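Since the structure comes first, as structure tokens, the remarks are kept for the end.
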């Protein structure tokens, strides 16, 4: 039996500084599909050096643009990668071996998260970073929900074992970048909350400050990362209450 065709999918918005390094590492895939979401810089020009499978457009919801990209993939398997992620050679080999032999429908990939050049292994989670994600799946087995940030996921079929080799995720350039990301995430989440008609209660979201901080700092061992672990836990704790306050105190605007 021949090796199943593997598509690598990258969703990008104005990523001219990082898209080349991402695509350089995806040469092991049988095709590369790049979704160009409202790109006004050189992302498309750079991506065209690696593939002619480009999908330009403008999507308000993260889930919609990711589903559009999956729909463009022709492979039996899809590897979903963000522009700020890098697939090391060891992971590339493991992915090829997995799609050649797996009898399951989707697999999680572990993540090594970097702030600048600092590897921060512990503390991620609670809507502020991820330690693993369902990035390798058979076409048709994964679908994103219709939310602006952190869309829900729906799967069909069976989950396989988690891969061993982590992908490298350059999640934030520095602390200021981390705080700007918190601002973007909470603004997008506030719009989802307003449209749902149920932003929750002030008291419930205040309680989540402490429960999410504890989950990241203690449960996910963020304390092992010193100040970075504290910052991650703090941002994770503030995410729900800031989203709630923006949803209830500010006017909606794009």
Quick one: which strands (runs of 3 or more DSSP E) sit completely within region 133-179 and have at least 3 residues that are surrounded by 15 or more Cβ atoms within 10 Å (Cβ to Cβ) and touching a residue at least 60 places away in the same chain (Cβ under 8 Å)? 142-144, 167-172
Output yes when any residue across region 72-80 is over 16 Å from the mean Cα position of the chain (by Cα), more than 25 Å from residue 151 (Cα to Cα) and not in a loop (DSSP other than H, G, I, E, B), and no when none is. no
Counting just the residues of region 180-201 that are part of a loop (DSSP other than H, G, I, E, B) and touching a helix residue (DSSP H, G or I) at 6+ places or on another chain (Cβ under 7 Å), which one comes out surrounded by the most Cβ atoms within 10 Å (Cβ to Cβ)? 199
Looking at region 112-132, which of the residues that are touching a helix residue (DSSP H, G or I) at 6+ places or on another chain (Cβ under 8 Å) and in a loop (DSSP other than H, G, I, E, B) is surrounded by the most Cβ atoms within 10 Å (Cβ to Cβ)? 123
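Does at least one position in region 187-194 carry a residue that is in contact (Cβ under 8 Å) with a residue 24 or more places away in the chain and within 16 Å of the chain's Cα centre (by Cα)?
Looking for residues that are in contact (Cβ under 8 Å) with a residue 24 or more places away in the chain and within 16 Å of the chain's Cα centre (by Cα), one finds at least one in region 187-194, hence yes.
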How many residues does region 209-225 hold that are closer than 21 Å to residue 180 by Cα and without any contact (Cβ under 8 Å) to a residue 60 or more places away in the chain? 2
Condition test on residue 210, is it outside the structural domain of residue 81 (by TED's automatic domain parsing), touching a helix residue (DSSP H, G or I) at 6+ places or on another chain (Cβ under 8 Å) and under 26 Å from residue 122 (Cα atoms)? yes
Any residue in region 91-108 that is assigned to a strand (DSSP E or B) and more than 21 Å from residue 157 (Cα to Cα)? no
With respect to residue 34, determine if the residue is in contact with a strand residue (DSSP E or B) (Cβ under 8 Å, 6 or more places away or on another chain), more than 16 Å from residue 167 (Cβ to Cβ) and modelled with pLDDT of 95 or more. yes
Looking at the structure I just gave you, is residue 100 modelled with pLDDT under 95 and either touching a helix residue (DSSP H, G or I) at 6+ places or on another chain (Cβ under 8 Å) or at negative phi (or both)? yes
Whether any residue in region 223-243 is under 22 Å from residue 148 (Cβ atoms), outside the structural domain of residue 115 (by TED's automatic domain parsing) and more than 21 Å from the chain's Cα centre (by Cα) is what I want to check. yes
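The values are calculated or read from the model by the stated rules, or taken from the named source; none is laboratory data. A quick note: this is a predicted structure, and the numbers were derived from the prediction, not measured. A quick note on method: Cβ atoms are made from the backbone with ideal geometry, for glycine too, and the neighbour counts reach across all protein chains shown.
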